[in-house]
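Below is one structure; the comments refer to it alone.
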């Protein structure tokens, strides 16, 4: 039961990732496209909290041949003072997008396992063993959710002073 | 369990390969010519013996490549730590009532914390040893 749940979720997430590859070139009605706007994989969502970001968010630049569309830039588009080649920014932006996907996946997975634990709680058929199992399931789901939510804050708090 | 893991890994791998293959890699403009080899990311005209006779290590192309690598790695410490913490928390969430998997998730998170402490120790030691600091290229 649990195994089937997990593989269902996994295939759903992978389908989203693959589907998000398609809109790499976005065409806008305006003459100069706004490439700083993020792309999110769930239809209709355009903010960071309701959907999965595309891996190329933050890497889009105006197409040099056609300013009305956006393409994934090269590292030289992201050169800054602390990163003279732009390679570091390029790589870690992709990883940060993956992290954002994973944080949101952690939220959805925790919600599903809280529901699953709740079902164990109410559909126990008088078996106190199942009630205890449901309690532990909910507890573990909440612990995982809390760690995922505070992970970014903790690391930023610890390493923020070292890494600017 | 084995089958599920294998299928998940294959699908994840396919997803990653797919998402990277879809980008036509933009041709990088050539910056410089290093002994007949065109390069895009380092400026090695300073390291050319016929043009640069200062003998400074900072003008060596290998030094510049080292700086790029250090830059990438220092940028990634916190990011990879967050990645590890979130991966551990997902394992913890999906453990349901299975103590073995909770233990596995706890081990992942402990190792992340050990890694952060080791990094802080290394950073402090290097900043103590090398005047001016190492991470300011």
Order of A:130-139, A:96-105 by packing, highest average Cβ count within 10 Å first?
A:96-105, A:130-139
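So if I take the alpha carbon set of the stretch A:37-127, get Rg, then get Rh from the Kirkwood formula, what is the Rg over Rh ratio? Working shown, then result.
Numbers: Rg = 19.8 Å, Rh = 15.9 Å.
Rg/Rh for the stretch A:37-127 comes to 1.24.
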Taking beta carbons within 10 Å but only from partner chains, what does the mean come to for residues B:121-128?
1
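Once you have a ≥ b ≥ c as the square roots of the Cα gyration tensor eigenvalues for the stretch A:89-154, tell me rounded if a/c is under 1.5, and otherwise prolate or oblate according to whether a/b is larger than b/c.
On the way: a/c = 5.74, a/b = 3.22, b/c = 1.78.
It comes out prolate by the Cα gyration axes.
Read the figures in this text as sums done on the coordinates, not as results from a lab. Since the structure is predicted, the reported quantities are computational estimates derived from the model, not experimental observations. Virtual Cβ from ideal backbone geometry, glycine too; neighbours counted across all protein chains shown.
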